[in-house]
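Everything on this sheet refers to the single structure shown next.
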Amino acid sequence: METADEFYLCSATVIEHLQPKIVSKPFRSGYDSDKDTRYYVAQFDYQDAKSYYKGVIEPFNEKSRVHCNFWFRTCSRGHIDVSQITMTNCRRLGLFVAIEQAVNLTQPQNIAIAIGELADKFNCSPIEFINKIA
């Protein structure tokens with residue numbers, strides 16, 4: 001069960017709408033296809049985010065041709081070997097590309113778990129990790 005103490009990998013839309021107080025610097029994925037897209041890691045109340053999605057975003061998406069890109073995934077610890085991922089590669093390639101090249105993961109939930117593991121590896125919180133590479 002997600003709690004307010006969790007860190008979340010999220011889209012910029014989540015930051016815009018929820019305006020969390022604890023948020024990382026924006027960072028890039030590294031993919032050419034979304035070079036203008038910025039991602040964040042933030043702490044916010046899961047239930048608030050879920051309620052906002054159900055009450056505002058979901059009805060908007062159902063009525064609109066343009067969907068709101070509102071998503072977040074928990075940066076929980078897992079069993080992903082991040083030993084080959086360096087901060088230098090995360091900065092140089094972009095975080096998502098560095099993770100894909102090292103451990104062949106591309107799904108947002110797996111990337112969020114890798115962020116949790118990288119924070120552990122570098123002895124910091126997920127937000128502190130992102131701020132070091134952003």
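The values are calculated or read from the model by the stated rules, or taken from the named source; none is laboratory data. In this text, all values refer to a predicted model and were calculated from it rather than measured experimentally. When we count neighbours, we look across all protein chains shown, and the Cβ atoms used for this are built from the backbone with ideal geometry, even at glycine. The area values use the complete protein model at the heavy-atom level, side chains included, leaving out ligands, DNA and RNA. Shrake-Rupley method; radii C 1.70, N 1.55, O 1.52, S 1.80 Å.
Here the condition is being modelled with pLDDT under 95 and open to solvent by 90 Å² or more (accessible area, probe 1.4 Å); of Lys63, Lys25, it holds for Lys63 alone.
Counting the residues of segment 64-109 that are within 18 Å of Ala134 (Cβ to Cβ) and polar (S, T, N, Q) gives 3. The number of residues in segment 25-84 that are in a helix (DSSP H, G or I) and under 19 Å from Ile127 (Cα atoms) comes to 2. Applying the criterion of being in contact with a helix residue (DSSP H, G or I) (Cβ under 9 Å, 6 or more places away or on another chain) and among the aromatic types (Phe, Trp, Tyr) to the residues of segment 17-52, the residue that is nearest to Gln101 (Cα to Cα) is Tyr31. Only a single criterion out of (1) modelled with pLDDT of 95 or more; (2) open to solvent by 40 Å² or more (accessible area, probe 1.4 Å) is not satisfied by Arg77, namely (1).
Residues that are surrounded by 16 or more Cβ atoms within 10 Å (Cβ to Cβ) and under 14 Å from the mean Cα position of the chain (by Cα) within segment 29-45 comprise Ser29, Gly30, Tyr39, Tyr40, Val41, Ala42, Gln43, Phe44, listed in sequence order.
Of everything listed in (1) without any contact (Cβ under 8 Å) to a residue 60 or more places away in the chain; (2) within 26 Å of Glu128 (Cβ to Cβ); (3) surrounded by 16 or more Cβ atoms within 10 Å (Cβ to Cβ), the single unmet condition for Ile57 is (2).
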